[in-house]
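See structure below.
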Amino acid sequence: MLFRKTVAISISVVMCMLAISGCGTNKEAGQDGSEQTAATSESSGEAKALKDLKITRLYHGVMEQFKGSDTMNNNKIINKLREESGFNIQYESLPNENPSQKISIIFASGDVPDLIMVAGKSDYFKLAKQGALEPLDDLIAKEIPNLSTMASNESLDALRYEGELYAIPYRNALKVGNGLLARADILQELNLNAPTTIDEFYSTMKTIKEKKNITPLTMATSSAGSFFDGFFPFAAAYGVSTPTVVKDGELKFSWVQPEYKEFITTLKKWFDEGLLDPEFAVNKDSKDKLINGTAVFNTLYFSSGIDVDKALQEKKNGGSVQFIAPPVGINGQSGIQDASISTQYIVIPKQAKNKLGAAQYLNFLYKQETDVLLNYGIKDEDYTEANGEYTQSKEQSDNIAWRSMYGLGDTDFGIGARLKAKSLLPYYEPQLAFEKSREETNFAPSIEAFDSKFPELRNFAEENAMKFIMGKRDLSEFDKFTQEFDAKGGKAAIDAVNEWYSKK
């Protein structure tokens with residue numbers, strides 16, 4: 001993470017400025033700088049959407065991929081969106097670094113877009129609490145019927161503040177993140193099946209160690225949070241893969257549960273017996289160990305599968321990998337990460353000039369026909385279609401890779417299109433059948449006592465887990481660790497989130 005000097009602008013100051021600039025007028029600025037009243041229907045007196053629509057979204061890496069004369073606001077996709085929607089849409093991007101500060105500046109200026117994306121519940125709920133956002137329930141009911149294809153009632157209810165909805169979650173259609181990757185050719189060479197349980201995983205690694213004289217399981221956990229991401233499939237076998245678990249009708253931190261100690265004890269055994277890479281805590285990237293055959297198992301993001309496969313195909317002796325099912329524990333528990341949780345939100349500022357147009361444009365974006373445009377481009381130019389089947393080459397997809405930045409939510413159709421073009425479906429689709437572990441707090445509102453302490457608590461738990469595994473702290477001190485965890489704010493944090501959970 002890069003750090004730079006920034007100007008600190010508090011949300012309270014921002015909202016005071018909003019209050020001053022937003023009261024006392026129903027007029028809107030025209031394109032020439034003059035003021036104009038909101039357009040209305042002469043017959044009914046009802047407000048009509050304005051044609052100009054300004055959208056500010058979070059930075060997306062594909063914005064760097066425009067070619068030739070194409071720009072964010074001048075290319076065949078956005079021109080088609082204007083033609084089909086009837087709106088003169090203009091997109092702007094927030095900076096890649098510290099978008100929250102820029103959002104504060106935008107709201108303070110009073111010159112707000114009609115739609116804006118924010119990242120993180122904390123920023124969203126602060127804005128909602130200060131009255132900076134337009135309530136959406138009525139707009140959704142009247143103008144955005146297509147939202148039902150993008151957001152569940154549960155995901156919407158998680159964003160309510162004092163009963164009102166002020167944001168639409170940016171749907172993440174990816175259902176799979178990290179998975180357990182195996183060198184299939186080495187397993188076949190040793191006449192071994194992919195292990196299905198924790199006990200089988202242990203015995204399989206023992207056999208690999210004895211016959212190949214290599215460390216079977218590698219991992220890269222040197223960055224914050226990567227320990228839990230990497231060992232997720234194994235923690236799931238013990239029922240402690242997510243930060244919290246439900247016990248006796250209450251949420252409890254997984255990291256202080258007896259089952260978590262069992263999980264850590266298992267990893268320590270593997271470490272002590274040379275089955276777990278002794279460098280797991282300092283590895284920044286562990287794909288090479290799969291590629292060179294010094295490891296057989298690794299937890300990697302699904303798209304890394306094709307990278308390893310290609311590298312193996314370029315080697316003289318070749319080889320192949322496949323994602324295998326997460327091992328099952330003694331109580332039948334297993335799972336991989338659920339990657340579909342939304343962490344970005346679409347809001348309409350209270351001061352927006354074209355609120356009605358913003359809602360209508362969202363409804364347009366959520367249409368199936370628009371989804372095809374956003375994910376394939378222009379028919380017979382960027383793809384062909386016959387009998388409902390869409391065909392697009394990787395080159396065609398790469399030529400308009402930036403098209404996905406115009407969507408304000410993703411779909412299963414869209415994910416399938418992009419993964420197919422990149423030949424990633426064979427690494428993605430098989431994992432859809434695996435159990436996904438659910439974290440209840442993903443559906444909670446912003447809870448300051450929990451959210452503010454979570455990174456510190458996660459890092460403390462992660463640091464001590466690695467110490468226990470490598471013998472730098474004795475597991476006999478696990479109870480002491482749980483006391484330290486509570487003293488660092490763990491108890492206060494879980495008590496605060498249970499106030500919400502008990503009222504669900």
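The values are calculated or read from the model by the stated rules, or taken from the named source; none is laboratory data. Please read all numbers here as calculations on a predicted model, not as lab measurements. Ideal geometry is used to build each Cβ from the backbone, glycine not excepted, and the neighbour counts take in all protein chains shown. Quick note on the areas: whole protein, heavy atoms, side chains included, nothing else; ligands and nucleic acids left out. Shrake-Rupley method; radii C 1.70, N 1.55, O 1.52, S 1.80 Å.
Taking segment 159-186 as the range and being of a type in the set (A, V, I, L, M, F, W, C) and open to solvent by 10 Å² or more (accessible area, probe 1.4 Å) as the test, the residues that pass are LEU174, ALA184.
The lone criterion from (1) free of Cβ contacts under 8 Å to residues at least 12 places away in the same chain; (2) open to solvent by less than 30 Å² (accessible area, probe 1.4 Å); (3) over 23 Å from the mean Cα position of the chain (by Cα) left unmet by LYS247 is number (2). Filtered by the rule that a residue be polar (S, T, N, Q) and open to solvent by less than 20 Å² (accessible area, probe 1.4 Å), segment 335-359 gives a lone residue, ASN354.
Checking LEU312 against (1) in a strand (DSSP E or B); (2) among the aliphatic types (A, V, I, L, M); (3) open to solvent by less than 10 Å² (accessible area, probe 1.4 Å), only one condition comes out false. Which one? All conditions are met except number (1). Within the option set GLY332, GLY318, being open to solvent by 40 Å² or more (accessible area, probe 1.4 Å) and either at positive phi or of a type in the set (A, V, I, L, M) (or both) holds for one residue only, GLY332.
One line per residue, one yes/no per condition, for (1) open to solvent by less than 40 Å² (accessible area, probe 1.4 Å); (2) under 16 Å from LEU373 (Cβ atoms); (3) free of Cβ contacts under 8 Å to residues at least 24 places away in the same chain:
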{"position": "THR56", "(1), (2), (3)": "yes, no, no"}
{"position": "TYR59", "(1), (2), (3)": "no, no, no"}
{"position": "GLU64", "(1), (2), (3)": "no, no, yes"}
{"position": "SER69", "(1), (2), (3)": "no, no, yes"}
{"position": "ASN74", "(1), (2), (3)": "no, no, yes"}
{"position": "ILE77", "(1), (2), (3)": "yes, yes, no"}
{"position": "SER85", "(1), (2), (3)": "yes, yes, no"}
{"position": "GLN90", "(1), (2), (3)": "no, no, no"}
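LYS394 meets all of the listed conditions (1) basic (Lys, Arg); (2) under 20 Å from ARG57 (Cβ atoms); (3) open to solvent by 20 Å² or more (accessible area, probe 1.4 Å) but one, namely (2). Checking each residue in segment 408-451 for being of a type in the set (D, E, K, R) and either in a helix (DSSP H, G or I) or within 28 Å of GLN333 (Cα to Cα) (or both) picks out ASP412, ARG418, LYS420, GLU429, GLU435, LYS436, ARG438, GLU439, GLU440, GLU448, ASP451. When the criteria are applied in full, ALA325 fails the requirement of being more than 26 Å from the chain's Cα centre (by Cα) and at pLDDT 90 or above.
Condition check: within 16 Å of the chain's Cα centre (by Cα) and among the aromatic types (Phe, Trp, Tyr). Does PHE434 satisfy that? Criteria not met by PHE434.
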